[in-house]
Amino acid sequence: MKQKTVDIITMGCSKNLVDSEMLMGLFEANGYRCTHDSDDPKGEIVVVNTCGFIADAKEESINTILEFVQAKEEGRIEKLYVMGCLSERYLADLEAEIPEVDGWYGKFNYRQLVADLGTAAVCSGKRHITTPRHYAYIKISEGCDRHCAYCAIPLITGKHQSRPIEDILDEVRQLVAEGTKEFQIIAQELTYYGMDLYGEQRIAELIERMADIEGVEWIRLHYAYPTHFPWDLLRVMREKDNVCKYLDIALQHISDHMLSRMKRNVTKEQTLALLERMRREVPGIHIRTTLMVGFPGETEADFKELIEFTKQARFERMGAFAYSEEDGTFAADNYEDNVPDEVKQQRLDRLMRVQQNISAEIEAAKVGQTLKVVIDRKEGDYYVGRSEFCSPEVDPEVLVPASEKLQIGQFYQVKITDSEEFDLYGELLK
């Protein structure tokens, strides 16, 4: 009997990717063959895992669904199913607007899809890792108890739910046994980890115990929150060589006026003290942050304060985006979206130009240093890798001439010889 093929298309963030990998494992345990993000899906079944975070992401998800509706009408696929954040939030509207979809699932009930296809689904399945074998994403919690004025995530994902420590450590041990060496720790808000299960923040304990697992080469932390930061985590980063000196912590703004309106529950003074302590307690730490421009009520003075902050903070990694109004959020219900789109874009462009220069200077300062580099892939005449300061897909890479054969997924000592705005060049140390 021919195996049915399922192609899963993942939109949005790495947390969605983990859900797709879990679903792929479930399908495969029940006799299906799975592909992921195929350029030209030809499987009988396509599942689109949607993003519903901001307007651009929602539009991209809807356009992707419509593309596969057309593929179904043309007979190139048999069935189309949709899951994820967009359908979790707008299920009734989407069912009415796009009836051609064979089934809609949210962010939490997607496992039901396998049963609905007529499979007993008695096998839980082993997660199908879609990233290169040497690294994987580990989702330690779901949901968020923070209620920032602009953010729809709590409306989509609900309250914070931590996974038990032992479950997470068991998953890491299993992945290490299968060859995974690098772990990206992700959550909507990882610094809150443990509050719901244990009544206290347990992120430092989790990471310390994870670091003690033999075979774990790198652990990298994503999506911290500045309020009530768990200081013991800095000790773990400083003392454990395999916990990367890297922290992804979205700050959004620095003006007290904006932080208050955004309901961030933090002040400028507290933010500056947080950054100072991080850099003091973890020498060499690379901080990744995200900033927002154009939030309702942002004045030119607020924006100039943000620019000056960016110049002074000199973030090693920074992204930024323009505010977009999200249905049901405090900002959408209580504030007028009164910063014109062209002003938002001008501010965004100006902010990123400032960061561009900072990034170029920071990367240039690495010339002459020797860094531990993991090789992700080969492209043309170069092997492409990353240092501990670089997360996959979003951060600078290290290019090493392919003059001799290197192994994908292996770590090497690389002397940095040159830099560009966002990338480094290096040579292998013998």
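Magnitude of the charge dipole for the chain, about its Cα centre and with charges confined to Cβ atoms of Lys, Arg (+1) and Asp, Glu (-1), is about 1340 debye. Mean residue ellipticity, 222 nm, helices only, the chain: the sum of -39500 (n - 2.57) across DSSP H runs of n ≥ 4, divided by residue count and rounded to 500, is -11000 deg cm²/dmol.
An oblate overall shape is assigned to the stretch 1-150, the ratio a/c of its alpha-carbon gyration tensor axes (a ≥ b ≥ c) being 1.5 or greater and a/b not exceeding b/c. Count Lys and Arg as plus one, Asp and Glu as minus one, and take only other residues whose Cβ is under 13 Å from that of Ala331; the net charge is then -4.
Look at the alpha carbon pairs under 8 Å that are at least 6 residues apart: their mean separation over the length of the stretch 147-205 gives a relative contact order of 30 percent. For the residue pairs Lys245/Lys372; Lys126/Lys372; Lys79/Lys107; Lys240/Lys415; Lys245/Lys304, the alpha carbons lie more than 21 Å apart in Lys126/Lys372; Lys240/Lys415; Lys245/Lys304.
In whole Å, how far is the Cα centre of the stretch 18-86 from that of the stretch 123-163? Taking the Cα centre of each part, the stretch 18-86 and the stretch 123-163 sit 19 Å apart.
Given the alternatives [x] 4, 19, 28, 28, 16, 3, 0; [y] 4, 16, 20, 19, 18, 14, 6, 2, 1, 0; [z] 4, 21, 31, 28, 13, 2, 0, P(r) over Cα pairs in 10 Å bins from 0, in percent as computed for this entry is given by [x]. Rounded, prolate or oblate: which fits the stretch 206-330, taking a ≥ b ≥ c as square roots of the Cα gyration tensor eigenvalues, rounded meaning a/c under 1.5, else prolate when a/b beats b/c? Prolate is the answer for the stretch 206-330, as a/c is 1.5 or above and a/b outweighs b/c.
Surface analysis of the chain yields an accessible area of 44 Å² per residue, using protein heavy atoms and a 1.4 Å probe. Listed by number, the DSSP H helices of the chain that run 24 Å or longer by alpha-carbon position along their axis and have mean Kyte hydropathy of at least -0.5 are 55-73.
The values are calculated or read from the model by the stated rules, or taken from the named source; none is laboratory data. These figures come from a predicted structure and were not determined experimentally. All Cβ positions, glycine included, derive from the backbone under ideal geometry; neighbour counts span all protein chains shown. Note: areas computed on protein heavy atoms with side chains; ligands, DNA, RNA excluded. Shrake-Rupley method; radii C 1.70, N 1.55, O 1.52, S 1.80 Å.
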